Amino acid sequence: MTSSSGASRRQVLAVAAAAATAPLIAGAPAEAKPKPAKTWDLTVLGTSDTHGNVYNWDYYRDAEFDDSKHNDVGVAKLATLVNQIRAERKGKATLVLDAGDTIQGTPLATYYAKQEPITETGATHPMANAMNVLKYDAVTLGNHEFNYGLPLLATWIGQLGFPALAANAINEKTGKPAFLPYVIKEVALGGYDSPTLKVGILGLTNPGVAIWDKGNVEGRLVFADMVATAAKWVPVMRQRGADLVIISAHGGDSGTSSYGPELPNENPVALIAEQVPGIDAILFGHAHNEVPQKFVTNKATGAQVLTSEPSKWGQRLTRMDFTVTKVKGRWQVVAKSATTLNTNTVVEDPAVLAAVRGQHDTTVGYVNQVVAQSKEELSTVESRYKDTPILDFINHVQAEVVTQALAGTAYASLPVLSQASPFSRTAVFPAGDVRIRDVAGLYVFDNTLEAVVMTGAEVKAYLEYSAKYFKTWAAGDTIDLPNINDPNVPDYNYDVISGLEYDIDIAKPVGQRITRLVLPGTDTPVAADAQFVMAVNNYRRSGGGNFPGIVKTQVYNQQQEIRQLLIDWAQAKGEIRPVDFFVDNWKLVRDGVPVF
């Protein structure tokens with residue numbers, strides 16, 4: 001039997017325990033939960049490397065664009081995706097940015113830079129017409145924006161309804177930015193109280209411009225390191241009220257450069273994210289890769305920097321989504337993500353098409369003009385690994401122009417060599433009518449012709465460097481032709497030359513592959529101190545591709561566009577016959593045995 005006093009004690013303890021856990025106010029919840037922080041969201045859409053594509057059109061084939069993966073191209077396709085997202089997010093904040101390489105890359109863009117330049121006609125550039133319809137918030141200048149000179153670039157920028165950014169392009173005389181470095185956009189986030197967020201957007205162009213367009217910028221602009229420039233301007237943007245910082249950078253994220261160590265890094269996006277605190281995200285381009293979402297850890301803060309690259313030509317649209325909240329009066333990003341959207345899922349935006357229709361039709365008419373008759377079909381399909389007439393056509397015209405220009409000069413007695421690259425694997429001169437678009441499809445870049453003097457030793461070193469394009473294939477191995485080359489070396493950084501005979505032994509290691517280099521029609525080796533004139537495009541001569549022995553004073557430079565020289569030659573002759581220009585002067589071998 002339990003005593004009454006023991007029961008009483010147990011009752012008291014039970015009541016005390018209950019009192020300790022009971023709510024202090026009748027009807028209050030058993031456990032008070034913190035009120036969840038209110039959040040808002042921001043979407044940033046990004047394009048890059050549109051390269052003069054407005055319509056989903058292949059001007060070289062005179063047909064709707066298509067490739068093996070059934071990609072589509074053009075700002076008109078991008079606009080449809082952008083408009084869909086804007087409609088879905090009506091009342092919420094959405095920004096649209098571009099990371100550069102906009103006004104070069106198609107016959108449409110070339111026509112309004114060369115045939116009817118906007119600097120002379122007063123016409124609005126087709127890429128300004130298209131992008132103004134889409135209503136971008138800012139564009140970064142890419143390296144190809146400088147291809148046609150600073151006056152045309154300035155004219156295009158003046159036609160845009162939004163700012164063009166390039167913080168690291170510096171006026172050489174004043175030491176100040178030559179273009180707007182950044183903008184801070186104040187955006188309403190939506191909702192009943194519609195708070196505002198200040199988004200800082202910093203634009204960084206590629207320092208390779210100093211090499212690739214030296215003729216247009218030397219003495220006028222210098223290009224600072226992209227990492228150092230970001231480190232300079234991000235704190236400034238934060239001090240001036242930027243709640244969120246996005247960089248729009250025209251550079252890849254590999255950390256390597258195609259031109260060697262002479263200039264600041266060509267592809268430093270990952271380095272910027274790692275080394276510069278205060279960046280929330282980077283939209284980038286230049287490398288033509290699709291990177292839907294990649295996080296990079298900042299070494300100083302541990303913060304995760306969001307990066308994304310939307311492929312090329314308008315094939316993809318980057319979508320970045322940010323969730324933000326306010327803590328003690330300051331905005332913080334609590335979540336962020338990115339993806340890429342495929343433009344082949346939508347139709348072209350009719351407003352963009354209408355804005356550029358007249359210019360598109362003019363370009364189509366121009367590129368379909370017949371320039372000559374070809375006696376047979378000539379193709380670049382095998383030009384990477386066999387000597388083909390169609391590349392010899394380029395080399396013949398270049399060498400002929402330089403030879404004629406040097407007549408009567410101190411260099412007239414020197415043999416003229418010429419270099420060409422297989423820019424396209426699909427270019428064709430059909431049997432019969434050859435049109436401007438066929439020539440443009442063979443020579444897709446707006447390069448100009450130059451020439452320099454090289455020694456025999458320099459020519460051999462040049463060819464050895466070019467031969468690194470090929471993988472090593474031992475004698476007896478089955479060669480996989482589509483993958484015969486090192487994928488890290490682009491086709492435009494592989495050169496063949498005319499004017500000498502040579503063998504490339506792809507069974508040997510890089511640097512030991514030019515096993516035969518002789519004077520034409522002989523077995524006489526090229527002497528190390530022999531002198532030659534090399535006809536070369538301005539990209540290569542100025543250091544593009546980092547080829548040795550070629551960056552030197554020109555003995556010829558009349559600023560003539562190579563594509564137009566090819567067109568002019570074809571028009572003057574009226575016929576394109578391999579017998580007039582084809583010389584089978586090089587071959588691939590393995591241990592001295594021809595591959596083909």
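Values as computed for the structure displayed
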quantity	calculated
Given charges at Cβ of Lys, Arg, Asp, Glu: the chain dipole, positive-most of 512, 235, 576	235
Cα centroid separation, the range 177-255 to the range 79-104 (Å)	18 Å
Rounded tilt (10° steps) of 562-573 against the dominant C-alpha axis of the chain	40 degrees
Rounded, prolate or oblate (a/c below 1.5 giving rounded, otherwise prolate when a/b exceeds b/c) for the range 221-310 by Cα gyration tensor	oblate
Correct option for Rg and Dmax of the Cα atoms in Å [calculated from the coordinates] among (i) 30.3, 132; (ii) 24.3, 72; (iii) 24.6, 78	(i)
Charge dipole (the chain, unit charges on Cβ, about Cα centre) - positive-most of 337, 395, 315	337
Among 239-251, 400-412, the order from most to least packed when residues are scored by Cβ within 10 Å on average	239-251, 400-412
Stretchable slack from residue 375 to residue 135, in nm (0.36 nm times residue separation minus alpha-carbon distance)	81.5 nm
Pairwise centroid distance, computed over Cα atoms, of the range 538-574 with the range 263-303, Å	35 Å
Solvent-accessible area per residue, Å², over the range 147-273 with all protein chains present [probe radius 1.4 Å]	38 Å²
Cα→Cβ-extended label distance, 7 Å offset, between residue 220 and residue 518, nm	4.9 nm
Label point distance in nm, residue 425-residue 66, each placed 7 Å from Cα along Cα→Cβ	1.9 nm
Rounded to 10°, Cα long-axis angle of helix 75-88 versus longest principal axis of the chain	0 degrees
Net charge, residue 69 excluded, C-beta distance under 12 Å - Lys, Arg +1, Asp, Glu -1	-3
Within the range 467-596, percent of DSSP bridges classed antiparallel, to nearest 5	65 percent
Positive-end residue, the range 91-243 charge dipole about Cα centroid, Cβ charges, pick of 142, 129, 188	188
Within the accessible area of the chain (1.4 Å probe), percent carbon and sulfur	52 percent
MRE, 222 nm, helices only [DSSP H, n ≥ 4, -39500 (n - 2.57), over the chain, to nearest 500]	-7500 deg cm²/dmol
Label-to-label distance, nm, for residues given as residue 382 and residue 587 (7 Å Cα→Cβ offset)	1.2 nm
Subset of 214/468; 176/198; 386/468; 176/552; 312/386; 185/299 violating a 19 Å alpha-carbon distance limit	214/468; 176/198; 176/552; 312/386; 185/299
Surface accessible to a 1.4 Å probe, per residue, for the residues of the range 491-557, Å²	37 Å²
Segment residue 527-residue 400, length gained on full extension (0.36 nm per residue, minus Cα span)	43.3 nm
Given charges at beta-carbon only (K, R positive; D, E negative), |dipole| of the chain in Debye	3320 debye
Whole-number accessible area per residue in Å² for the range 354-490, which is evaluated in the context of all protein chains at 1.4 Å	38 Å²
Heavy-atom accessible area ranking, 1.4 Å probe, most first, across 51, 144, 70	70, 144, 51
Degrees, to the nearest 10: 226-239 long Cα axis against longest axis of the chain	30 degrees
Calculated FRET value between residue 274 and residue 478, using beta carbons and R₀ = 45 Å, to 0.05	0.60
Beta bridge orientation in the chain: antiparallel %, DSSP, nearest 5	65 percent
Linear extension gain, residue 301 paired with residue 171, 0.36 nm per residue minus alpha-carbon span	43.5 nm
Relative packing of 575-582, 429-436, 391-398, 443-450, which averages over residues the other C-beta atoms within 10 Å, highest first	391-398, 443-450, 429-436, 575-582
Debye, to nearest 20: dipole size of the range 450-490, +1 on Lys, Arg Cβ, -1 on Asp, Glu Cβ	60 debye
Size of charge dipole - the range 61-140 - debye, nearest 20, with Cβ of Lys, Arg +1 and Asp, Glu -1, no other charges	480 debye
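The values are calculated or read from the model by the stated rules, or taken from the named source; none is laboratory data. Because the structure is predicted, anything quoted here is derived from the model rather than measured. Cβ: placed from backbone, ideal geometry, glycine included. Neighbour counts: every protein chain shown. The area values use the complete protein model at the heavy-atom level, side chains included, leaving out ligands, DNA and RNA. Shrake-Rupley method; radii C 1.70, N 1.55, O 1.52, S 1.80 Å.
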